[in-house]
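The values are calculated or read from the model by the stated rules, or taken from the named source; none is laboratory data. This one's a predicted model, so the numbers in the text were calculated from it and none came from an experiment. For neighbour counting, all protein chains shown are included, and Cβ atoms are generated from backbone atoms with ideal geometry for every residue, glycine included. Accessible surface areas use protein heavy atoms only, side chains included; no ligands, DNA or RNA. Shrake-Rupley method; radii C 1.70, N 1.55, O 1.52, S 1.80 Å.
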Amino acid sequence: MQEQKLFAAALGLQSPWYVSNLDFSLENKKLDIEIDFERGSEFSCPCCGKPAKAYDTKKQSWRHINFFQHQAYINARVPRTNCTHGCGVKQIEVPWARSGSGFTLLFEAMILSYCKEMPVNKVGELMGEHDTRLWRVIHHYVDAERALQDYSHVTEIGMDETASRRGHTYVTFFYDMEEKKILFGTSGKDKGTVAAFRDDFVAHGGDPDAVTQACSDMSPSFISGIEEYLPNADITFDKFHIVKVINEGVDAVRREEVADNEILKRTRYIWLKNENNLTDKQKDTVIKISKLNLNTTRAYQMRLNFQDFFNQPDRESAEVFLNKWYFWATHSRLDPMIKAAKTIKAHWNGILNWFDSHLTSGFIEGMNGLIQAAKSKARGYRSDKNFIAIAYLLGAKLEFNLPT
């Protein structure tokens, strides 16, 4: 009896529930904890909450956290009540598990904790459970907590797409740039993703007309989607994608020259770095190649010079700087750099808007690292829905009301 009282205390059981028996099988590496209720007990009606007598019972079982290295299960007779206040016969909810789950609340809390740190299929192997059951737990808690989220205060939105699987399969995530968390994820990377976000945003109390800032890459689909579905948002193109356009121009210049200049072979990543990020060996290579007066080094200097754009004190100074850089690039007679400069010109206001919004790509790029971690943890996830659920688990700052 002392052991039963000890387990009842550990499980936090309160009257009328008590531990009636413990059955430990060393051979099966299993502990069965039998729970019962006192004869004549009353339970709260699941509908009206008023006391009601048990009408009948049904035996149920739930997987619990391991007892040392042994699997543990809670088994109990779960009553249905016959409410005399017009509710009829209803199944009650037990305090140690949610309705319809084969796991206790503590076990589900452990699942969520482990799945934040490990791939879901590995957690399934560790726990001896099929990962399908774990995905059901993840979706239940993520969906339930997201349903409670209030987006009425959100005014600054960020968005970015990532490949969800091999091939041209993408998922787009939308972020609260102030609170730095994921708001929404959906399959695709087209204009329709912004429409889907708008609908979800409204469902959570958000006002699309109240969104004043939106940060994205220079995708025509995103731009069109923002203009239509977030009509009052000024678009800021994030730094990473702006610099990426120029990097692509530099690399294209290098590729044009590499056939006639073997010294440029295996130097691609040198030209994509800032000077202070080069290794000593790479610096020596740059100095050596610079003496040859190649187009690649000219393009590289344009790239380095552009870095000072974001160091300008205000929008007016930045526009003066950008005009000078644009003139330099378009008169360089380097077609890839001219193309890059014209891309910058086509997105002029969205680039300059950074000096008003100061929305930084650093947060989105940091979230990309988290998204890649989510992809790893969702390995074998079989659907974008599962991938997005793990992303929410890691980056939506959801708070689950579970025991610890």
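Here are the numbers:
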item: Residue match in region 286-302 (condition: part of a helix (DSSP H, G or I), of a type outside the set (A, V, I, L, M, F, W, C), in contact with a helix residue (DSSP H, G or I) (Cβ under 6 Å, 6 or more places away or on another chain) and surrounded by fewer than 17 Cβ atoms within 10 Å (Cβ to Cβ)); result: yes
item: Lone qualifier among 79, 51, 46 - being under 42 Å from the mean Cα position of the chain (by Cα), at pLDDT below 95 and surrounded by fewer than 18 Cβ atoms within 10 Å (Cβ to Cβ); result: 46
item: Residue in region 219-228 that is among the small types (Gly, Ala, Ser), part of a loop (DSSP other than H, G, I, E, B), under 25 Å from residue 244 (Cβ atoms) and over 17 Å from the mean Cα position of the chain (by Cα) present; result: yes
item: Residues of region 132-164 satisfying the condition of being within 29 Å of residue 358 (Cα to Cα), aliphatic (A, V, I, L, M) and surrounded by 19 or more Cβ atoms within 10 Å (Cβ to Cβ); result: 154, 157, 159
item: Among the residues listed as 368, 305, the single one being under 30 Å from residue 122 (Cα atoms), open to solvent by 10 Å² or more (accessible area, probe 1.4 Å) and polar (S, T, N, Q); result: 368
item: Set 205, 225: member being out of contact with any strand residue (DSSP E or B) (no Cβ under 7 Å at 6 or more places or on another chain), at pLDDT 95 or above and open to solvent by 20 Å² or more (accessible area, probe 1.4 Å); result: 205
item: Unmet requirement for residue 118, which otherwise passes all of (1) within 30 Å of residue 130 (Cα to Cα); (2) hydrophobic (A, V, I, L, M, F, W, C); (3) assigned to a strand (DSSP E or B); (4) open to solvent by 40 Å² or more (accessible area, probe 1.4 Å); result: (3)
item: Residue that is nearest to residue 314 (Cα to Cα) [pool: residues in region 347-369 that are of a type in the set (Val, Ile, Thr) and part of a helix (DSSP H, G or I)]; result: 351
item: Hits in region 54-69 (condition: assigned to a strand (DSSP E or B) and either open to solvent by less than 100 Å² (accessible area, probe 1.4 Å) or polar (S, T, N, Q) (or both)); result: 54, 56, 57, 60, 61, 62, 63, 64, 65, 66, 67
item: Looking only at region 87-104, and only at residues there that are open to solvent by 40 Å² or more (accessible area, probe 1.4 Å) and not charged (D, E, K, R), the one that is nearest to residue 12 (Cα to Cα); result: 95
item: Failed condition for residue 210, given (1) more than 19 Å from residue 368 (Cβ to Cβ); (2) in contact with an Asp or Glu (Cβ under 9 Å, 6 or more places away or on another chain); result: (2)
item: Options 272, 322; residue that is open to solvent by less than 70 Å² (accessible area, probe 1.4 Å), under 28 Å from residue 366 (Cα atoms) and not in a loop (DSSP other than H, G, I, E, B); result: 322
item: First in region 270-291 and under 16 Å from residue 303 (Cα atoms) and of a type outside the set (Gly, Ala, Ser), second anywhere and open to solvent by less than 50 Å² (accessible area, probe 1.4 Å) and not in a helix (DSSP H, G or I), Cβ under 7 Å, 6 or more apart; result: 270/278; 286/278
item: Considering residues of region 347-365 that are β-branched (Val, Ile, Thr) and closer than 19 Å to residue 182 by Cα only, the residue least open to solvent (accessible area, probe 1.4 Å); result: 364
item: Among residues of region 318-334, those that are under 12 Å from residue 295 (Cβ atoms) and free of Cβ contacts under 8 Å to residues at least 40 places away in the same chain, counted; result: 2
item: Residue in region 254-266 that is without any contact (Cβ under 8 Å) to a residue 60 or more places away in the chain and either within 24 Å of residue 349 (Cβ to Cβ) or buried (at least 20 other Cβ atoms within 10 Å of the Cβ) (or both) present; result: yes
item: Set 112, 31: member being in a strand (DSSP E or B) and either open to solvent by less than 60 Å² (accessible area, probe 1.4 Å) or closer than 30 Å to residue 385 by Cα (or both); result: 31
